[in-house]
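Q: One structure follows; several queries about it will come next.
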2 protein chains.
Amino acid sequence: MPHTLVPTSDLVEHANVYGRDGTKLGTIERLMLNKVKGTVAYAVIKTGGLLASHHHYPVRWDALSFDPECQAFRVDLSLEDLRAGPSEFDEDDFDWGDRSRSYPHPHYWTV
Amino acid sequence: MPHTLVPTSDLVEHANVYGRDGTKLGTIERLMLNKVKGTVAYAVIKTGGLLASHHHYPVRWDALSFDPECQAFRVDLSLEDLRAGPSEFDEDDFDWGDRSRSYPHPHYWTV
């Protein structure tokens, strides 16, 4: 991804996301767009490797910053932070389920 | 697309775009993201029907507005306006070619 402007589809399943300590958290699985405002609301980060089970976590888009040197995104979160948030969602409704939990990074899925 | 928040992939090849006079211009073929700024720069509109040849035109994202009633996007452009702009581009570089032409809606592909 040498260009600043890329098709959103180029990021999905391709762009790596690195966490606070520089370890790879996962890849961007999808971008959620607020089609009325025209802004990207959040990215869904897919964690886990070939042999591990996958999990999906929403991360507020403006919390991700692009690192041109390694052509990847960085976020000031650890895998434990992600795991403390919502991870299961209804594919049809894009509903992240139990919102009554006290997430350390609340409500980023409703921006 | 009943929800305000949708995966970007749901719009691509699915969302209709209607022009100034209410006629369908085409569909959104892809969304180009400024990955550094985190904003959608422009949409590529694919025109033409099953039997017609397809053309691709960039339209500045903030020129498109979402119409919740018909679940489609509207833009204050005619098909002739689109045709007066760049339509051919290098798939590898996302370069819209001859930028020396005097487009009526200039430079929206470089936002």
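The values are calculated or read from the model by the stated rules, or taken from the named source; none is laboratory data. For clarity, every value in this text was computed on a predicted model and none was experimentally measured. Every residue, glycine as well, gets a Cβ built from its backbone with ideal geometry; the counts of neighbours run over all protein chains shown. We work out accessible area using only protein heavy atoms, side chains counted, and drop any ligands, DNA or RNA first. Shrake-Rupley method; radii C 1.70, N 1.55, O 1.52, S 1.80 Å.
Q: Determine the pairs where a residue that is more than 8 Å from every other protein chain (Cβ to nearest Cβ), located within segment A:1-21, has a partner that is open to solvent by less than 60 Å² (accessible area, probe 1.4 Å) and of a type in the set (D, E) with Cβ atoms under 9 Å apart, the partner being 6 or more residues away or on another chain.
A: A:E13/A:E29; A:Y18/A:D67; A:G19/A:D81; A:R20/A:D81
Q: Considering only residues that are surrounded by fewer than 19 Cβ atoms within 10 Å (Cβ to Cβ) and farther than 25 Å from A:Q71 by Cα, look in segment B:22-36 and name the one that is nearest to the other protein chains (Cβ to nearest Cβ).
A: Among them, the one singled out is B:K24.
Q: Being farther than 13 Å from B:F73 by Cβ and touching an Asp or Glu at 6+ places or on another chain (Cβ under 8 Å) is the filter; apply it to segment B:1-19 and report the residue that is surrounded by the fewest Cβ atoms within 10 Å (Cβ to Cβ).
A: B:E13
Q: Counting just the residues of segment B:65-81 that are under 23 Å from B:H3 (Cβ atoms) and open to solvent by 20 Å² or more (accessible area, probe 1.4 Å), which one comes out nearest to the other protein chains (Cβ to nearest Cβ)?
A: It comes out as B:F66.
Q: Another one. Suppose the filter is more than 19 Å from B:Y42 (Cα to Cα) and touching a Gly at 6+ places or on another chain (Cβ under 6 Å); does A:I45 pass it?
A: In short, yes.
Q: Right, next: Identify, by number, the condition in (1) at pLDDT below 85; (2) within 11 Å of chain B (Cβ to nearest Cβ); (3) open to solvent by 60 Å² or more (accessible area, probe 1.4 Å) that A:T39 doesn't meet.
A: The failed condition is (1).
Q: Any idea which residue in segment B:42-57 is farthest from the other protein chains (Cβ to nearest Cβ), counting only those that are surrounded by fewer than 16 Cβ atoms within 10 Å (Cβ to Cβ) and in contact (Cβ under 8 Å) with a residue 12 or more places away in the chain?
A: Out of the qualifying residues, it is B:G48.
Q: I need a count of the residues in segment A:21-46 that are in a strand (DSSP E or B), over 9 Å from the mean Cα position of the chain (by Cα) and within 16 Å of A:D76 (Cα to Cα).
A: Result for segment A:21-46: 2.
Q: Among the residues of segment B:1-20, which ones are modelled with pLDDT of 90 or more and either among the aliphatic types (A, V, I, L, M) or under 9 Å from the mean Cα position of the chain (by Cα) (or both)?
A: If the condition is that a residue be modelled with pLDDT of 90 or more and either among the aliphatic types (A, V, I, L, M) or under 9 Å from the mean Cα position of the chain (by Cα) (or both), then B:A15, B:V17 are the ones that fit.
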